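Beneath this line is the structure, given in C-alpha cells, with notes to follow.
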Amino acid sequence: MSLGFPAAIAHLPESRQRALLAVGSFLLPILVWCMISYLPFLWHPKVMVEEPGGVGYFQAGMLIDHADFAEQARQMREQGLALPSGIPANPIYLPAPHLVAKAFYTGFTTPPQGRDGVWLHESLWHSIQIIFWGFVISSLFGVPLGILGGTYTVLGRLQEPFIEFFRYLPAPAFGALAVAVLGIYDGPKIAIIVIGTFFQQVLVIANTTRKLEITLIEAARTLGTRGARLITKVVLPGILPDLYRDQRILLGWAWTYLIVAELIGTSSGITWYITQQARYQHFENVYAAIIIIGIIGFGSDLLLARLGRRLFPWDRTQERK
Amino acid sequence: MDALPSYLDQSEAVRARFARIRQREVILEVRGLHKRYQSAQGETEALRDINFKVRRREFVCVIGPSGCGKSTLIRILAGLESHSAGDVLLDDKPVSGPGRDRGMVFQGYSLFPWLTVKKNVMFGPEISGFSHDSAEREARLWLDVVGLSKFADAYPHELSGGMRQRVAIARALVNQPRILLMDEPFGALDAQTRAKMQTHLLEIWRNLDITILFITHDLDEAIYLADRVLVLKAHPGEVQEVIEVPVPRPRLPGQFSSPEFRATKDRLEALIHPAEEDGDLSPALAEDSALQQHMIRFTDVADNVE
C-alpha cells in the first residue's frame, strides 16, 4: 500500500512530483554528508594540527585525537613551551564532498604512477569488460536453462535441487580454484562473476517462465502450435518483458561481485585503482571510484529501463511503475 | 399467470427444423467418455459415460452446476486434457491432442499480448505454413467478419473485454475449424456487452459453415443461443438431459419472455437447482442453509432495514 504525496508538492503533476522526489532521494544523503563534513560541532573527533608549537612529534596537517591534543597542550603549558594549535577535523577516511568532487576530475587527469600504471578510465574499461563477459557467458547458459526448466517440469525438477544447493556456495570461495584452473589474469575474474550470477539466473528465469499465463500456451496449441515452436512463438515472447527485467536485476547482481572478482589473481580494473589509492590514503579518490561504479551501474540500468519501454510497448506492468 | 406449454412441445416449424438437423452429417461424436483423476481425497470421477453427437451447423450449449465437469469436457474435446475411457470422434476419426480442426475460445483473455490484433489472428495461419501475405489477407477478412478492421494494429490491452473476445473468435475461425469450442466465452463480460456478443455470435454462426459447442452457466444464454442444451449434473458429471430448445429461429432478444422460452428455462432451473424435496441435501445446498442459520446480527435489535 502507498499513500499519496504531502500537501507541499501535491498540486504538481505526478511526473514532476516523481522527478522532485528522485532528486531529493539523492540530495538527502549528500546533505547529511555535507553537514557532517562542514559543521565542526556535529562530529569532528580529531584535531588537525596547524602549529605544532613545542610538541616534538606534531606536524602541520597531522590528525590527532581530541584527548591526546589536550594532553599535549597541557604538558606544553606546564613546561612553558609554545602551545600547539589546531582545528576540529574528521578522520582521514571521511573526506569532505568538495574533495571527492575534485577527485572525480583529477582522477581522470592524473597520469598513472609507476612503470605499468594505467589511467583511471583504463581501469574502468577493464572492469566493464569483465562484467560484460561474465554476464554474457552466464546468460548464454542461464537463460536457456531457466526457460527450459520453467517450461518442462521434468527438466526443472532435475536441475533445480542442485542449483538451489550451489547458489548458497559463496562465489569468492571458488577464487583459488578459479586461479588454479584459469590462470591469474582475466579468466578467474570472469569465472567468479559467472558463478555468482548463473545459479540465481537459472532459478529466477525459470520462475518467471512458470508465471506465464497457461491459457496462452493452450490457446497456441489449439491453433496448431507444437513442440519447439511453443517455446519460440509463445513462451519466449510471452515472458520477454519480465525476462528483460530479470536480466537488469541480475546485471546489478553481477556488478556486486566485481570487486571480489578483481581481487583474485592479479588485482586489476577499478579494484586495483581503489586499493592503490587506499594504500596511499587518498580516500577522496577511493570514494570517487566507488561512486563512479554506482553511476555506471545505475546509469546503465536507467538506460536499459528506458530501452525496455521502447521494446515492449504492450507491457502493462511498466506503466504502473 | 398463464399455464406454460411444456418445453417438449415444438411448433411445426421448429419440429421441421430439428428433423432437418438430424439429416445432416455428424461432426463431433462423444462415446462413453469417462474422466477420472487422482486427488488428495482419492480417485475422483469428473465425467461418467458421456454420450452425444453434434451435427453440422448445429449450436449446442452445455450447461450444469459448478463442479459438473463442463470445463473438463470441453478441454478434453479440445485435446488439452486426456480422458480415462471412451472416444471423441471428429468426422468419425478419433482425436488426440489439440489441433486446428477444433477452434477454441477461452473465458479468460487468451490473446497474445505482445501481438497486435491482426498478428493475433495471423498466428494460426502462419504457424501452419501460410505465407505472410496470405495470412494477412485471411486475418483482414476475419477481422472484418467480427467488425474489428479498424483495430487491426491495436494491442489487446487497448481493447475492451467484448472486443478482445471478438478477436479471440476471429483467431479461432481463421483456421476454418470443423467445430468451434467456446468455454464460457462471455462469462467475464458485463450484462450489456454479453447480450451484444450473443447476438453477434448468432449472426456469425448464421452466415458461416460452422458448428458450435458452447459452455455456459447462464440459463438464458443457453436457451437464447442453442439448438440443443446438454444438461450435466455434478458429482460425477453425467448427462442429465438433452433438451431441444423449442424457441423458434431467428432468435431475438424479445423472445426471452415468450412461453417456450420460459417453459425451457423452468425445466433447466428444475434440473440444475432442484427443490429440496426429500431432505437429501447436496453438499452445496447444505452449506448454503448452514450459512443462513449462522448469520449473526451485528446491528441494534430495533434497527431494521426491511
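The values are calculated or read from the model by the stated rules, or taken from the named source; none is laboratory data. These numbers come from a predicted model, not from an experiment. Reconstructed Cβ throughout: ideal geometry from the backbone, glycine too, with neighbour counts over all protein chains shown.
With the checklist (1) surrounded by 12 or more Cβ atoms within 10 Å (Cβ to Cβ); (2) away from chain B (no Cβ under 14 Å) in hand, flag the one item A:Ala180 doesn't pass.
Only one criterion in (1) surrounded by 12 or more Cβ atoms within 10 Å (Cβ to Cβ); (2) away from chain B (no Cβ under 14 Å) is unmet by A:Ala180, namely (1).
Under 9 Å between Cβ atoms, which residue pairs at least 6 apart in sequence (or on different chains) link something in the range B:2-21 that is farther than 15 Å from B:Val242 by Cα with a partner that is β-branched (Val, Ile, Thr) and at pLDDT 80 or above?
B:Val14/B:Val245; B:Val14/B:Val247
Spot the failing condition for A:Gly265; the list is (1) at pLDDT 90 or above; (2) more than 10 Å from chain B (Cβ to nearest Cβ), and only one is missed.
Condition (1) is where A:Gly265 drops out.
Exactly one condition in (1) touching a helix residue (DSSP H, G or I) at 6+ places or on another chain (Cβ under 6 Å); (2) charged (D, E, K, R); (3) under 24 Å from A:Gln129 (Cβ atoms) is false for A:Asp186; which is it?
(1)
Tell me the residue from B:Ile272, B:Ile204, B:Ile210 that is surrounded by 10 or more Cβ atoms within 10 Å (Cβ to Cβ), modelled with pLDDT under 90, under 30 Å from B:Val14 (Cβ atoms) and β-branched (Val, Ile, Thr), please.
None of the other options fit; the residue is B:Ile272.
Taking B:Ala154 as meeting all but one of (1) buried (at least 24 other Cβ atoms within 10 Å of the Cβ); (2) over 24 Å from B:Arg55 (Cβ atoms), write down the number of the exception.
The one condition B:Ala154 does not meet is (1).
Only one of (1) under 26 Å from A:Ile292 (Cβ atoms); (2) among the polar types (S, T, N, Q); (3) at pLDDT 90 or above fails for A:Gln276. Which number is that?
Status for A:Gln276: all satisfied but (3).
Listed here are the residues, each with its yes/no results for (1) in a loop (DSSP other than H, G, I, E, B); (2) within 14 Å of chain A (Cβ to nearest Cβ); (3) more than 26 Å from B:Gly99 (Cβ to Cβ).
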site: B:Val167; (1), (2), (3): no, yes, no
site: B:Ala170; (1), (2), (3): no, yes, no
site: B:Asn175; (1), (2), (3): yes, yes, no
site: B:Gln198; (1), (2), (3): no, no, yes
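Would you confirm whether any residue within the range B:49-67 is within 14 Å of another protein chain (Cβ to nearest Cβ) and modelled with pLDDT under 95?
no
Note down all Cβ pairs under 7 Å where the first residue falls in the range B:111-136 and is at the interface with chain A (Cβ under 7 Å from one of its Cβ atoms), the second is β-branched (Val, Ile, Thr), and they're at least six residues apart or on different chains.
That search, which allows pairs on different chains as well, returns B:Gly124/B:Val174; B:Ile127/A:Thr225.
Kindly indicate whether A:Val286 is surrounded by 19 or more Cβ atoms within 10 Å (Cβ to Cβ), within 26 Å of the chain's Cα centre (by Cα) and away from chain B (no Cβ under 14 Å).
yes
If you go through the range B:137-165, how many residues are within 11 Å of chain A (Cβ to nearest Cβ) and either under 29 Å from B:Leu28 (Cβ atoms) or not in a helix (DSSP H, G or I) (or both)?
Of the residues in that region, 2 qualify.
Mind telling me which of the residues A:Thr225, A:Thr215 ends up being surrounded by fewer than 18 Cβ atoms within 10 Å (Cβ to Cβ), among the β-branched types (Val, Ile, Thr) and within 14 Å of chain B (Cβ to nearest Cβ)?
Testing whether each residue is surrounded by fewer than 18 Cβ atoms within 10 Å (Cβ to Cβ), among the β-branched types (Val, Ile, Thr) and within 14 Å of chain B (Cβ to nearest Cβ) leaves just A:Thr215.
Tally the residues that are farther than 19 Å from A:Pro95 by Cβ and β-branched (Val, Ile, Thr), restricting the search to the range A:21-72.
Here the count works out to 2.
If you check A:Pro111, A:Pro95, A:Pro40, which single one turns out to be in a loop (DSSP other than H, G, I, E, B), assigned by TED's automatic domain parsing to the domain that holds A:Arg279 and out of contact with any Ser or Thr (no Cβ under 7 Å at 6 or more places or on another chain)?
A:Pro111
Residue-wise test of (1) under 27 Å from A:Arg306 (Cβ atoms); (2) within 12 Å of chain B (Cβ to nearest Cβ); (3) not in a helix (DSSP H, G or I).
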{"site": "A:Glu160", "(1), (2), (3)": "no, no, no"}
{"site": "A:Leu169", "(1), (2), (3)": "no, no, yes"}
{"site": "A:Ala176", "(1), (2), (3)": "no, no, no"}
{"site": "A:Gln200", "(1), (2), (3)": "yes, no, no"}
{"site": "A:Thr208", "(1), (2), (3)": "yes, no, no"}
{"site": "A:Arg229", "(1), (2), (3)": "no, yes, no"}
{"site": "A:Val235", "(1), (2), (3)": "yes, yes, no"}
{"site": "A:Ile239", "(1), (2), (3)": "yes, yes, no"}
{"site": "A:Leu250", "(1), (2), (3)": "yes, no, no"}
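Filtering the range B:86-110 down to residues that are of a type in the set (D, E, K, R), more than 7 Å from chain A (Cβ to nearest Cβ) and touching a residue at least 24 places away in the same chain (Cβ under 8 Å), which residue is surrounded by the fewest Cβ atoms within 10 Å (Cβ to Cβ)?
Of everything passing the filter in the range B:86-110, B:Asp92 is surrounded by the fewest Cβ atoms within 10 Å (Cβ to Cβ).
May I ask you to list pairs of residues, at least six apart or on different chains, whose Cβ atoms are under 8 Å apart, with the first in the range B:51-69 being within 23 Å of B:Gln176 (Cα to Cα) and the second being at pLDDT 90 or above and of a type in the set (Phe, Trp, Tyr)?
Note: pairs meeting the criteria are B:Arg57/B:Trp205; B:Phe59/B:Trp205; B:Phe59/B:Phe214; B:Val60/B:Phe52; B:Val60/B:Phe214; B:Cys61/B:Phe214; B:Val62/B:Phe214.
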